[in-house]
Amino acid sequence: MNGWRVGETYEEVPRGLDWDLWLGPAPKVPFSMERFGGWMGWHDYARGGQLTNWGTHLLDVVHWGIGQDRPVSVQALGGSYRLGIGQDNYDCIEAVFEYPGCIVSWEQRLSDTRESKGYGISFYGEQGALYVDRGTIVVKPDSLGMEEYIGEPEKSWAHPPHHNNFFDCIRTRRRPAADIEQGVRSTTAPLLAGIALKTRRKLYWDGAAERFVNDPQADQHLSRAYRAPWHI
């Protein structure tokens, strides 16, 4: 999977690249092509790796499906068993999110022999299951198929390519299809799992206050130290 390289070799900074600017507020380290091209494997640039990369996209769909976007608790465990040599983000992660009336689980294996498309979401109901990804919809059992589907899907101005949608909203001041507040909620959930992974315990989240419940130690992970002169 892109974003994961094995090992790390320090090199001269390529001509035309401002390595210090690329690092931004992260700690100063020598240049390596593995880090430059595979930054997703390092905690300094991606808190959780693919958990906070793909997790944001997939949990966004989950939030839409369950009608909830603020977990009340999260727990996670993981390790580097295959791809993460020399990197500090895990290649295998299991996380469980608790929402009001619903449990959501995240399974991640970056070296997987199981027959799979690589990513996707499964919704489990009382009568069957629904699997979706960016190009597939599968209903199981087949008897619960799409025969009851009637009519054409509703079309929306927000469906054209998202870049065009974003620029249109700058001009019109309308809300984009990927609204910033919903983007924050979809990003928060996997970041919370990353903190649970770091602390190795179940954490309880107050979505309104955006703080962990009676857990100042976990709250310390909600911000990071910035390398000078970067600051907020």
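The values are calculated or read from the model by the stated rules, or taken from the named source; none is laboratory data. What you see is a predicted model; the values in this text were computed from it and never measured. Here the Cβ is made from the backbone with ideal geometry for all residues, glycine too, and neighbour counts use every protein chain on show.
Close Cβ contacts (under 7 Å, 6 or more residues apart or on different chains) running from residues in the stretch 205-223 that are touching a residue at least 24 places away in the same chain (Cβ under 8 Å) and more than 14 Å from residue 185 (Cα to Cα) to residues that are of a type in the set (Val, Ile, Thr) and in a helix (DSSP H, G or I) comprise 221/195.
Please determine whether any residue of the stretch 14-27 is touching a residue at least 24 places away in the same chain (Cβ under 8 Å), among the charged types (D, E, K, R) and either surrounded by 14 or more Cβ atoms within 10 Å (Cβ to Cβ) or at negative phi (or both). Within the stretch 14-27, none of the residues are touching a residue at least 24 places away in the same chain (Cβ under 8 Å), among the charged types (D, E, K, R) and either surrounded by 14 or more Cβ atoms within 10 Å (Cβ to Cβ) or at negative phi (or both). Within the stretch 37-57, residues that are farther than 17 Å from residue 77 by Cα have Cβ atoms under 6 Å from residues that are among the basic types (Lys, Arg) and in a loop (DSSP other than H, G, I, E, B) in these pairs: 38/5, counting only partners at least 6 apart in sequence or on another chain.
Is it true that some residue in the stretch 189-198 is among the basic types (Lys, Arg) and either in a helix (DSSP H, G or I) or free of Cβ contacts under 8 Å to residues at least 24 places away in the same chain (or both)? Yes: one or more hits. Screening the stretch 81-156 for strands (runs of 3 or more DSSP E) wholly inside it with 1 or more residues that are over 25 Å from the mean Cα position of the chain (by Cα), closer than 16 Å to residue 61 by Cβ and modelled with pLDDT of 85 or more returns no ranges. Annotation note: of 44, 91, the sole residue that is buried (at least 16 other Cβ atoms within 10 Å of the Cβ) and in contact with a Ser or Thr (Cβ under 7 Å, 6 or more places away or on another chain) is 91.
For the stretch 47-76, filtered to residues that are assigned to a strand (DSSP E or B) and touching a helix residue (DSSP H, G or I) at 6+ places or on another chain (Cβ under 7 Å), the residue that is surrounded by the fewest Cβ atoms within 10 Å (Cβ to Cβ) is 75. Of everything in the stretch 1-34 that is touching a strand residue (DSSP E or B) at 6+ places or on another chain (Cβ under 9 Å) and modelled with pLDDT of 85 or more, the residue that is nearest to residue 81 (Cα to Cα) is 9.
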